[in-house]
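Peer 1: If you scroll down you'll find the structure; I have some questions about it.
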Amino acid sequence: MLRSFLLAVWLMAPIAGYFCLQYAAPELIKSNEAAAAFSQASLLTQQEDWESAVAVLLETKALVPEKDVGTQNQLKLEIAKLYLRQGMLDQARDELVILGDKLATSTSEQAPDQFRREYQRVMANTDFYTAWQLRVQGEVRDTWEPVLDGARQSFRQLAETANTTAERTSRAEDNESAIRLAFLDDEDLIGTPFPKKCECKSKCKKPGKAKGKKPKKQGEPQDDASQGEEDLDTTGT
C-alpha cells in the first residue's frame, strides 16, 4: 500500500498542479449571466462541491446564445476541467472534443492563443490520465501507448513554444512524467491509486508539486498547472 502511494506521488508530482487551474481568458466572458455563474462555480469548487459547480455551468451554457462563441468556448473548457477534476475522463473528453470542433471555426477574438494553449494543455492532461487508467486496467501497450504519445507530443510542443520560463519548465516536467509512465513496469503500476482531486482546495495559482496521488510514472486527472499568468480562477482546476 505504502509503495503504491509513493509511486503515485512520484509519477504525478509535476502534473498535480493541473487541478488548481487558472481560468484562461476572462475577457471572453461577455454576458452577466456567465460571469455570475463562474463566480458561483468558483465558490462551489472552494467547497469541493464539484457536482454542483458543473451543474451551474451546464445550466448557464444552455442559456447563453450559441452566437456568443467566446463565452460558450470558455464554459465548455471549464466544464471539462471540472469533470477531469472528478476523474470523469470520458465526460471531460466529450466536452473537449466538442470544443475542439468549435475552435476549428472560432476567430482569434473568440479563442485567443492563450485560450487555445490551455485547451491543448487540458486535452494533453486528459490523455495522460486516460493512458494511466488504461495501464492500471491492464490494457495492452497498443491500446494505451498512442494515447500517451499524444499527451507527450502536446506537452513537448507547449514547452517549446512557452511564453515564460515557468511555463516552459512546467510543461517539460509534464512531458517527463509521461515518459516515466511509459517505462513504468506493469507490476509496479497495477493497483496504484488513481487520484481524483488536488489537495490545494483551489488555493494554488501556479503549477507546483501538489500532494496528489499518482503512480510513479503517470499522473491522474488533476487540473492543469497554471502558466504563471494572472488569470481569473473559476473552477480551481
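Peer 1: When only C-alpha pairs under 8 Å and at least 6 residues apart count, what is the relative contact order of segment 47-175, in percent?
Peer 2: Numbers: 114 pairs, mean separation 21.0, N = 129.
Once normalised by length, the contact order is 16 percent.
Peer 1: Now for a different question. What FRET efficiency, computed as 1/(1 + (r/R0)^6) with R0 = 25 Å and r the Cβ-Cβ distance, is obtained for Ile179 and Asp49, rounded to the nearest 0.05? Each step should come with its number before you reach the end.
Peer 2: Working: r = 35 Å, r/R0 = 1.42.
Calculated value: 0.10.
Peer 1: Using 0.36 nm per residue of separation minus the Cα-Cα distance, give me the extension gain between Gln91 and Thr107 in nm, one decimal.
Peer 2: On the way: separation 16, 0.36 × 16 = 5.76 nm, distance 2.57 nm.
Contour length minus Cα-Cα distance gives 3.2 nm.
Each value in this text was obtained by applying a stated rule to the coordinates, not by laboratory testing. Keep in mind the model is a prediction, meaning the values are calculated, not measured. Neighbour counts run over all protein chains shown; Cβ positions are idealised from the backbone, glycine included.
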